[in-house]
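The values are calculated or read from the model by the stated rules, or taken from the named source; none is laboratory data. Model, not experiment: these values are computed from the prediction. Reconstructed Cβ throughout: ideal geometry from the backbone, glycine too, with neighbour counts over all protein chains shown. These area figures cover heavy atoms from the full protein model, side chains too; ligands, DNA and RNA do not enter into them. Shrake-Rupley method; radii C 1.70, N 1.55, O 1.52, S 1.80 Å.
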Amino acid sequence: MKFTMTSFAALAVAGFGSVAFAQDRTEIRVMWYSDGIEGEIMQDLLDRFEESHPEIDVVLDNVAYQVIQEQLPIQLASGQGPDIARVTNLKEQAEHWLDLREYVEDPAYWETNFGDRFDWMRPDGSDAIPGFMTQLTLTGGFANKTLFEQAGVEMPGEGATWDDWIAASKEVMESQQLPAAFAIDRSGHRISAGTASYGANYIGDDGMPAPIDDGTMSFATKLVEWTEEGLMLPEVWVSAAGTTYRAATDDFINAQIPFYYSGSWLIANLSTKIGDAFDWVAIGTPCGTEACAGLAGGAGLVGIKYTQHPEEVAVVMDYLASEEVLREFTERTLFLPAHKGVVEAGGLNFQTDDPNVAPALEKFIAASGESSPLTDALPAWKWGNAYYGTLVTRISQVMAGEISLDEARSMMDQDIADQVGTASQ
Amino acid sequence: MAGLGETLGRAAAWPFTLVARAVDPPLRVWQRWTGTGGMAAVFLAPNLAIFGVFVLIPLVLNFVYSMTGGTGILLDQRPFIGMEQYGRLLECEDYTRRITCREDQFWTAVTNTTGFVIFQVTLMVVVSLITALILNRNIRGRGFFRAVFFFPVLLSPVVVGLIWRWILQREGLLNLIAVNLGLEPEIWLNDRFYAFAATIGVSTWAHMGFYTLILLAGLQAIPRDLYEAAEMDATPPARVFWRITLPLLGPNFAVVLVLALIRSVQIFDEVYVLTGGGPGTSTLYLTQYIYEVGFASILRNPGLAAAASILMGAVLVVLTLLQLRLSRRAEGRRAR
């Protein structure tokens, strides 16, 4: 009995002790989504952070991208949310980001290394330090080199147009009896690289959305025609309503399409899932009549202004934004770096044995030099999503034969006006 | 052995006895003060509190939201705009052409939902009734078949949607069978007709077990002697069905109809996973429209979504009342 009581007392002391220890630690929750393997790498980095910062407990909540898109905005709008989040809609939700300027160790370091993209994630005219880009992304295409070789079709070279790529992919499709020649993600962001190539302009002189123009309609018309001709994989665009996001990554990975237009963030995913099943290459963005530019973007890690622990958030952010940590993150995730120091130092040792990866990364880095007025302006433009949503909804309806292109054009203008009206109320 | 059971029973009941003894004196005082009517209120209070918190207050809030504008979530961020959201939903240049409506997708969703309700509820009731009639017969493996028909009800709607998506997609099971039979594969979910039919078929498959169970219970409650009397009179089976089975199944039928109708108007999860509302907007139903407008779009419009859900709720209430009234009238006629 004495033994039992002693043991109980010891356990109680240990228990209370650990409770007291746990209470001393500040918990920081990070809402994180992954396109590939970056969640595991971030967890590893955070484990090391906790070893050197025992007073902070960082919990990485891995969620689906849809949660970031649909649930986080609701939390933020109601004044709640995690302490830190990885987000792609940076500009629209800029009012919810914590200004880290007064909390980070060296604001000048942040300005120097991330300052070029702060306008992507803070309200117009603000000088806040809201966070940093975990990686830069650029929309661009991928081609299944093996399928092209098997079909005996030469891949279009530098300066090739969308029409060249679709024509070549059509030959491969017919030769290899594939379900479609190509696919482009069901996303307004993705097709905006195409519309920009045909000279589209979304932004009016006053900074507000401009009416849908001929450049936008040129590419939209092509997309519809390619779908009607059976060249574009219909499951991606036609088989959904509204603004639902759909990617064709699995179709490319399963060698169902020879050409796929998505973006640089897929490189690690393609490398992991395709392995040595076939050779693939990144091809940049095909040219239109006006440009050959992909649309830049990326995911940013931002502090949330509703956090109860801004100092601790800044400590975590300082660690994750440090050059050493971001270099390792970039090398292991196979992402394009967004840290100026990392980019300038060069010599990145991307950790992969896959021979397809290095040329793909080089291609995207080279392609990031291509630009157009629209692709330059869109990442920091507040109303981008008003355009993206209606482009997806209405073009899909045209593809499904529900409305004509002319009807779609006026409906898109109305949708954008309604969205601006609602947001301005 | 009986002694042990009794002891165990008392032990299990002990906590409840203790609580009952503790609340007995105050309840007696309350009863003396308010009478038996007051006691009813006491016993109803917990349920009413739950109903109030989870149904009534959200309903009122929803109505308030429907009269506010902006993209904010908290009420203090949302300006009062009166009935503007309802006006926007109902504004059409030409009501015979959906695309002339300001919220054309709302009207598309209304049209699609109406078609879905008509076909799905009809199919659901007919299939459930046939299944119940078969399972009510003395067939071999009756218990097994009852379990089989009920099993899909236990599945999560998302699982149901995914299973059927895998069956119907381009490289799905159905096309595999078609190809093996020498037929041309079809992209089922890309065809407006097939996709619409698939949403009806899948939702019927997923829920018919529940309705079958209700009808089966009704069938088993019909006195056997009525059938025996009909048999002695050599009444044809069809006449037995129309004159005995169907009329006596009336109350269960009304329950099935009302529940199936409500469920049908609210259809969302299976369809969202199965077709995503496509191809185009051919399987875009009202709940998905509300979800898209209120939550899924980057530039959300909670007020418009709330107004659409209030309109949908109003239609549901009218339909349910109408149905209950019709079934009561039918019951009254039968009683006379």
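Sorted by accessible area (1.4 Å probe), largest first, how do A:Glu27, A:Glu50 line up?
Most to least solvent-accessible, the answer reads A:Glu27, A:Glu50.
State, as an integer percentage, the relative contact order of chain B based on alpha-carbon contacts under 8 Å between residues 6 or more apart.
Once divided by the residue count of chain B, the mean separation gives 23 percent.
At R0 = 35 Å, how high is the FRET efficiency between B:Leu74 and B:Phe150 if r is their beta carbon distance? Nearest 0.05 is fine.
The computed FRET efficiency comes out at 0.20.
Can you put B:Arg263, B:Arg328 in order of accessible area, largest first, using a 1.4 Å probe?
Most to least solvent-accessible, the answer reads B:Arg328, B:Arg263.
Taking the simple approach of a point 7 Å from Cα along Cα-to-Cβ for both B:Ala238 and B:Thr100, what is their distance in nm?
Here the answer is 4.7 nm between the modelled labels.
Give me the net charge for the shell around A:Leu334: Cβ to Cβ below 15 angstrom, other residues only, Lys and Arg +1, Asp and Glu -1.
Overall, the nearby charge balance is -4.
For A:Asp376 and A:Lys340, FRET efficiency with R0 = 22 Å and r from the beta-carbon atoms, rounded to 0.05?
0.75
How long is chain A along each principal axis, judged by its Cα atoms, biggest number first, in Å?
Sorted from largest, the Cα extents of chain A read 84, 53, 47 Å.
Give the distance, in whole Å, between the Cα centre of the stretch A:286-311 and the Cα centre of the stretch B:1-41.
63
Residues of the stretch B:275-303 with backbone nitrogen within less than 16 Å of a virtual label 7 Å along the Cα-to-Cβ line of B:Cys92, please, listed as ranges.
Zone members listed by number: B:286.
When the accessible area of the protein assembly as shown is computed with all protein chains present and a 1.4 Å probe, what percentage of it is carbon and sulfur?
Roughly 60 percent of what the probe reaches on the protein assembly as shown is carbon or sulfur.
Along Cα→Cβ, 7 Å out, is where each label goes; now give me the distance between the ones at B:Leu319 and A:Met208 in nm to one decimal.
Once both label points are built, they end up 4.0 nm from each other.
Once ligands and nucleic acids are excluded and a 1.4 Å probe is used, how much of A:Thr272 is accessible, expressed in Å² to the nearest 10?
Surface open to solvent at A:Thr272 totals about 90 Å².
In degrees, nearest 10, range 0 to 90: what is the angle between the Cα axis of helix A:214-228 and the longest Cα principal axis of chain A?
80
Provide the solvent-accessible area of A:Trp383, counting protein heavy atoms only and rolling a 1.4 Å probe, rounded to the nearest 10 Å².
It works out to around 20 Å².
Over chain A, with a Gaussian network built from C-alpha contacts below 10 Å, which listed residue (A:Phe278, A:Phe364, A:Phe219) shows the highest mean-square fluctuation?
A:Phe278
Using 7 Å Cα-to-Cβ label points, what is the A:Glu229/B:Leu59 separation (nm, one decimal)?
About 5.7 nm separates the two model spin labels.
Multiplying the sequence separation of A:Asp406 and A:Ser424 by 0.36 nm and subtracting their Cα-Cα distance, what value in nm do you get?
3.7 nm
Grab the Cα-Cα distance for B:Val29 and B:Glu184, subtract it from 0.36 nm times how many residues apart they are, and report the gain in nm with one decimal.
47.9 nm
Gap in Å between the Cα centre of the stretch A:207-221 and the Cα centre of the stretch B:92-153?
So the two Cα centres are separated by 41 Å.
What residues of the stretch A:129-166 lie in the reach of a label at A:Thr112, counting those whose backbone N is under 18 Å from a point 7 Å from the Cα along Cα→Cβ?
Answer for the stretch A:129-166: A:129, A:132-133.
GNM on chain A, C-alpha springs below 10 Å: top fluctuator among A:Asp206, A:Asp250, A:Asp276?
A:Asp206
Sort A:Asp83, B:Asp225 by accessible area with a 1.4 Å probe, largest first.
In descending accessible area the options line up as B:Asp225, A:Asp83.
Mind pulling the per residue volume of the convex hull built on the Cα atoms of the stretch A:193-287? Å³ is fine.
131
Tell me the relative contact order for chain A as a rounded percent, counting alpha carbon contacts under 8 Å between residues six or more apart.
24 percent.
What is the Cα centroid distance between the stretch A:70-97 and the stretch A:399-418, reported in whole angstrom?
So the separation of the two Cα centres works out to 30 Å.
How much accessible area does B:Ser156 have with a 1.4 Å probe, in Å² rounded to the nearest 10?
50
Using just the alpha carbons, could you tell me how many Å³ per residue the convex hull of the stretch B:77-335 encloses?
In the stretch B:77-335, the Cα convex hull volume per residue is 188 Å³.
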